[in-house]
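The values are calculated or read from the model by the stated rules, or taken from the named source; none is laboratory data. Just so it is clear, the structure is predicted and the values come from calculations on it, not from any experiment. Counting neighbours? That spans all protein chains shown, and the Cβs are built from the backbone with ideal geometry, glycine included.
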Amino acid sequence: MSKIGLSAATVLALLLAAPLPASAADALAGTPYTKGYLSQDDVARLGEELVFQRAVQTYLWALPALNMYGMKEGSEAKFGKGYNVLPIFKKRLDAKTLITTPNSDVIYGLGYLDLKEDGPMLIEVPPGLQGIIDDFFQRPVPSEGEIDGRKWAGDVGLPGPDKGKGGKYLILPPDYQGEIPQGYFTYRAGTYGVFVFWRGFFKDPKQLEEPVKVMEQTKIYPLGKQGTARKMEFPDASGVPVNMLYPQDGTAFDMLSRFIEHEYVDPKDFEMRGMAADLGLIKGLPFKPEEKMKAMLDKAAKTASRISHAFAYGPSALKYYPDRQWLNPFATNAEFAGDSYNQLDARASFFTYAYSTSPGMAVNMENVGAKYPNAFKDADGDYLSGDQNYRLTLPKDIPAAIFWSVTVYDPITGSGLDNGQAFPSLNTMDKPKQNADGTTDIYYGPTSPGEGKNWIATLPGKGFFTILRLYGPKKAFFDKSWKPGDLEKIK
């Protein structure tokens, strides 16, 4: 049985082992027929239950899009809107930026294109860049046919068809039927919205100019309109308070209505759009729920959000090691697709706490891509608490060809923990102190473990989780001859 199959079986076992209270499932199933008919009150009650269930499922289905729209709308409100606006976190991304599980140890560039408004777009990718292009359902944008004998999806720059040499990428709208010009790396998006996600690595935290300079060579403009295109803007997003999180309450459905109204209608989505339609979310019609419906949608969104959080760290979450608490948040492929079905729970779990996918993130190859073990519990199986001090020991020869890092996050929003330090992380470039035997101890907690020790601060009264990032994971990670310790309570 596959890992995904085991996960589904675990969920089913949990449901059977812990049935809903009699007041919920049993009451619905036991709704009486009188002379073969349901009472009018029961018909109304069952209808309300149906609306609630469809709202929960609609939220979970739309979670990738909600996550992306939260980023887009938050960014555009603060830094401006347009294909020519590419905010860059030139001094790294700190906890002032509210966004799901950002990496404080790289340079980010995050841009948002609108192919409905601007048509096919050209992206001139500079040499030396590493990037991803996703649609607004956070699926890697695929190439239009083969490029150099193979199909590509999402990856550009170093992991893409230009192989780090730079090149011009033509991004077509999903419904584009015009002539396709030659001479470009041509991709076709699944939505009108396109996410441009650039990452840059640095070797010295005090010298960040080089990756920023590479990103600032990016040019984005409508096909055939380079001469009249708007001038590129690269606002510095570092240290700027901005909320780019998705809603976890009823306002999520207002956001979803904006997405549905603007976006391409993909025939593959008709069934789920049918569920959304029952909530009043219909393209071309205003979304104006009455107060009773608003209250129902608010409860549904809060329920769905809690369900997706449970996916991420509950019993169905997949462990990297049977004797460790480290979880694998991305145990599937970039499309979350099984052989005969889509992996809905895995997708919802991932986009609860993260954004953006690409084949390079999912691949299991030495020295390629990255791996992201995360931990919500300590060695005793207790949730990580900001009131407690912990020690994490990383064995010597950490298997990361490029760099490694550890970061702490808020368990509700997934944003970086605003812990009073410059960044809620520690990385290779910080040159953390090693023990005499080559191991590395990292201390988590509300109080410093002492001068010269590797410390990431936590907040009393607040939980947290941590991600261990390994960029360019080596053989020892994959064959598990190297594995991190758990976070252990310091008594």
Please enumerate the residues belonging to the stretch 73-130 that are under 22 Å from GLU263 (Cβ atoms), part of a loop (DSSP other than H, G, I, E, B) and among the basic types (Lys, Arg). LYS81
Among ASP175, ASP204, ASP155, the single one that is at pLDDT below 95 and within 21 Å of PRO120 (Cα to Cα) is ASP155
Just to be sure I understand the filter: pairs with C-beta atoms under 8 Å, separated by 6 or more residues or on different chains, first member in the stretch 33-55 and more than 17 Å from LEU297 (Cα to Cα), second member of a type in the set (Lys, Arg) and at pLDDT 95 or above. Which pairs pass? none
Tell me which residues, restricted to the stretch 140-161, are among the charged types (D, E, K, R) and either surrounded by 20 or more Cβ atoms within 10 Å (Cβ to Cβ) or on the phi > 0 side of the Ramachandran plot (or both). ASP148, ASP155
Taking the criterion of being of a type in the set (D, E, K, R), out of contact with any Pro (no Cβ under 9 Å at 6 or more places or on another chain) and in the same structural domain as GLU124 (by TED's automatic domain parsing), would at least one residue in the stretch 229-237 satisfy it? yes
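Rundown of residues vs (1) within 14 Å of ALA237 (Cβ to Cβ); (2) touching an Asp or Glu at 6+ places or on another chain (Cβ under 7 Å); (3) at pLDDT below 95; (4) crowded, with 23+ Cβ neighbours inside 10 Å, yes/no style:
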{"site": "GLU76", "(1), (2), (3), (4)": "yes, no, no, no"}
{"site": "LYS81", "(1), (2), (3), (4)": "no, no, no, no"}
{"site": "VAL85", "(1), (2), (3), (4)": "yes, yes, no, no"}
{"site": "PHE89", "(1), (2), (3), (4)": "yes, no, no, yes"}
{"site": "THR97", "(1), (2), (3), (4)": "yes, no, no, yes"}
{"site": "THR101", "(1), (2), (3), (4)": "no, no, no, no"}
{"site": "LEU115", "(1), (2), (3), (4)": "no, no, no, yes"}
{"site": "ILE123", "(1), (2), (3), (4)": "no, no, no, yes"}
{"site": "GLY128", "(1), (2), (3), (4)": "no, no, yes, no"}
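Taking the conditions exactly as written (in contact with a Leu (Cβ under 6 Å, 6 or more places away or on another chain), part of a loop (DSSP other than H, G, I, E, B) and either touching a residue at least 24 places away in the same chain (Cβ under 8 Å) or acidic (Asp, Glu) (or both)), does THR447 satisfy them or not? Quick ask: steps written out before the conclusion?
On the way: in contact with a Leu (Cβ under 6 Å, 6 or more places away or on another chain): no; part of a loop (DSSP other than H, G, I, E, B): yes; either touching a residue at least 24 places away in the same chain (Cβ under 8 Å) or acidic (Asp, Glu) (or both): yes.
Taking the combined requirement at face value, the residue does not satisfy it.
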Only residues in the stretch 156-169 that are assigned to a strand (DSSP E or B) count as the first member; pair them with residues that are acidic (Asp, Glu), Cβ under 9 angstrom, at least 6 apart or cross-chain, and list the lot. VAL156/ASP162; GLY167/GLU124; LYS168/GLU124; LYS168/ASP162; TYR169/GLU124; TYR169/ASP162
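To keep it simple, each residue is scored yes or no on (1) crowded, with 16+ Cβ neighbours inside 10 Å; (2) of a type in the set (Phe, Trp, Tyr); (3) more than 18 Å from LEU60 (Cα to Cα).
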| position | (1), (2), (3) |
| --- | --- |
| ALA331 | yes, no, yes |
| SER340 | no, no, yes |
| ARG347 | yes, no, no |
| ASP382 | no, no, yes |
| ASN389 | yes, no, yes |
| ALA401 | no, no, yes |
| TRP404 | yes, yes, yes |
Considering every residue within the stretch 311-326, establish whether at least one is out of contact with any Pro (no Cβ under 6 Å at 6 or more places or on another chain), closer than 30 Å to GLU49 by Cα, modelled with pLDDT of 95 or more and of a type in the set (Ser, Thr, Tyr). yes
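Name every residue in the stretch 450-491 that is assigned to a strand (DSSP E or B), of a type in the set (Lys, Arg) and either modelled with pLDDT under 95 or within 25 Å of PHE201 (Cβ to Cβ) (or both), in order of residue number. Break it down into steps so the answer makes sense when it comes.
Within the stretch 450-491, the first condition is being assigned to a strand (DSSP E or B), and the residues that meet it are 454-457, 463, 465-473, 488-489.
Within this subset, residues satisfying the condition of being of a type in the set (Lys, Arg) are 469, 489.
Result: ARG469, single match.
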Among the residues of the stretch 21-30, are any of a type in the set (Gly, Ala, Ser), surrounded by 15 or more Cβ atoms within 10 Å (Cβ to Cβ) and under 22 Å from MET293 (Cα atoms)? no
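Any idea which of GLY452, GLY420, GLY461, GLY416 is in contact with a Ser or Thr (Cβ under 7 Å, 6 or more places away or on another chain) and either surrounded by fewer than 17 Cβ atoms within 10 Å (Cβ to Cβ) or on the phi < 0 side of the Ramachandran plot (or both)? Show your work before the answer.
On the way: GLY452 fails: in contact with a Ser or Thr (Cβ under 7 Å, 6 or more places away or on another chain); GLY420 fails: in contact with a Ser or Thr (Cβ under 7 Å, 6 or more places away or on another chain); GLY461 fails: in contact with a Ser or Thr (Cβ under 7 Å, 6 or more places away or on another chain).
When all the criteria are applied, what remains is GLY416.
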Write out, first by first residue and then by second, each pair whose Cβ atoms fall under 8 Å of each other, whose residues are 6+ apart or on separate chains, and whose first residue, in the stretch 428-443, is touching a residue at least 40 places away in the same chain (Cβ under 8 Å) and within 21 Å of VAL408 (Cβ to Cβ) while the second is of a type in the set (Lys, Arg) and surrounded by 14 or more Cβ atoms within 10 Å (Cβ to Cβ). ASP441/ARG391; ILE442/ARG391; TYR443/ARG391
Evaluate the following for ALA29: is it touching an Asp or Glu at 6+ places or on another chain (Cβ under 9 Å) and either at pLDDT below 95 or within 30 Å of ASP254 (Cβ to Cβ) (or both)? no
Let me confirm something: among LEU256, LEU297, LEU281, which residue is in a loop (DSSP other than H, G, I, E, B), in contact (Cβ under 8 Å) with a residue 60 or more places away in the chain, surrounded by 18 or more Cβ atoms within 10 Å (Cβ to Cβ) and not aromatic (Phe, Trp, Tyr)? LEU281
